[in-house]
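Data block below; observations after.
The values are calculated or read from the model by the stated rules, or taken from the named source; none is laboratory data. Note that the coordinates shown come from a computational prediction; the quantities given were computed from them, not determined experimentally. Here the Cβ positions follow ideal geometry from the backbone for every residue, glycine too, while neighbour counts run over all protein chains shown. Areas reflect the complete protein model, heavy atoms only, side chains present, ligands, DNA and RNA absent. Shrake-Rupley method; radii C 1.70, N 1.55, O 1.52, S 1.80 Å.
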Amino acid sequence: LGRMWAQSANLYDYAAEKPTLFSRVDLKDRVKLVFRDHGMMQCENASIDVAKETGTISSEQGEVFFKDQVGSKKITGTSKKITFTAEDHLLESVTASENVTIHLNDEYYLTCDVATYNHTPTRRVIASGKQCQIERDDDSLEGTAIAIDIEKNLIDIENASGRVSTTSVPLHFSANSMQWNHPAQTLTLNKDVWLLTPEGHLLADKEVVL
């Protein structure tokens, strides 16, 4: 998978006839994992199934820290527990749970109960829980599920509500769903739309594009 550091490690045999190979590694205290594609994790404890290329890392007292960067795209996050999968020794997906915070490209700040970061084929973050919140500058959006396409810079939110100040006029809104397309500078609200602008209220049954 890559390189591993820890204060202590237990290695478990893969097969009795091949004692030099091992299928699982348990790491404890000041654990650091660096993957071959430069993803990095730090935690207190880690259990890694080397044969299946999966693992669970956690921190009872502190936080689990995760970082990944490809080109100009950067993601960092913290939580209490992370599970991950890899394929062909490259990081494939990361699922964080409990007190999850994620920074995307030093631009977005996301908090949620559970978040999955898909490394391949496209880099996406999918957040869920009782309340997910994403902030950018003076904008703050909430919902029960948030999907972020890191490559295309798109944000989709279910049961969305929030305030947006970086549009042509500041507004508050709620809707069944929304998509924020930053490259196109559009905000699309869908179904049961409530909108508050300096000019007044707007209600719509279907779609509103700003």
key: Unmet requirement for THR166, which otherwise passes all of (1) farther than 25 Å from LYS74 by Cβ; (2) at pLDDT below 90   = (1)
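Select, from THR144, THR122, THR111, the only residue that is of a type in the set (Val, Ile, Thr) and more than 20 Å from MET178 (Cβ to Cβ).
Details: THR144 fails: more than 20 Å from MET178 (Cβ to Cβ); THR111 fails: more than 20 Å from MET178 (Cβ to Cβ).
So the residue among THR144, THR122, THR111 that is of a type in the set (Val, Ile, Thr) and more than 20 Å from MET178 (Cβ to Cβ) is THR122.
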message = Within the range 86-115, take every residue that is among the polar types (S, T, N, Q) and in contact with a Lys or Arg (Cβ under 8 Å, 6 or more places away or on another chain) and give me the one that is farthest from GLN61 (Cα to Cα).
response = ASN105
remark   = Conditions (1) closer than 17 Å to ARG3 by Cα; (2) free of Cβ contacts under 8 Å to residues at least 24 places away in the same chain; (3) surrounded by fewer than 14 Cβ atoms within 10 Å (Cβ to Cβ) -> SER47 fails only (3)
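Residues are listed down the side, and each one gets a yes or a no for (1) out of contact with any strand residue (DSSP E or B) (no Cβ under 6 Å at 6 or more places or on another chain); (2) more than 25 Å from LEU196 (Cβ to Cβ); (3) among the aliphatic types (A, V, I, L, M); (4) open to solvent by 40 Å² or more (accessible area, probe 1.4 Å):
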{"site": "LYS74", "(1), (2), (3), (4)": "yes, yes, no, yes"}
{"site": "SER79", "(1), (2), (3), (4)": "no, yes, no, no"}
{"site": "VAL94", "(1), (2), (3), (4)": "no, yes, yes, no"}
{"site": "HIS119", "(1), (2), (3), (4)": "no, yes, no, no"}
{"site": "ARG136", "(1), (2), (3), (4)": "no, no, no, yes"}
{"site": "ILE155", "(1), (2), (3), (4)": "no, no, yes, no"}
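Taking the range 145-169 as the search range and keeping residues that are among the acidic types (Asp, Glu) and part of a strand (DSSP E or B), which one is nearest to the chain's Cα centre (by Cα)? Quick ask: steps written out before the conclusion?
Within the range 145-169, the subset among the acidic types (Asp, Glu) is 149, 151, 156, 158.
Okay, now just the ones that are also part of a strand (DSSP E or B), so 149, 156, 158.
Numbers: ASP149: 10, ASP156: 14, GLU158: 16 Å.
Here the residue is ASP149.
Among the listed residues LYS52, LYS18, LYS32, identify the single one that is modelled with pLDDT under 90, open to solvent by 40 Å² or more (accessible area, probe 1.4 Å) and under 25 Å from GLU98 (Cβ atoms). Let's see the steps before the verdict.
Working: LYS18 fails: under 25 Å from GLU98 (Cβ atoms); LYS32 fails: modelled with pLDDT under 90.
Only one candidate qualifies: LYS52.
Okay, residues lined up against (1) surrounded by 15 or more Cβ atoms within 10 Å (Cβ to Cβ); (2) assigned to a strand (DSSP E or B); (3) modelled with pLDDT of 85 or more:
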| residue | (1), (2), (3) |
| --- | --- |
| GLN69 | no, yes, no |
| ILE82 | yes, yes, yes |
| LEU91 | yes, yes, no |
| CYS112 | yes, yes, yes |
| VAL125 | yes, yes, yes |
| SER140 | yes, yes, yes |
| GLY143 | yes, yes, yes |
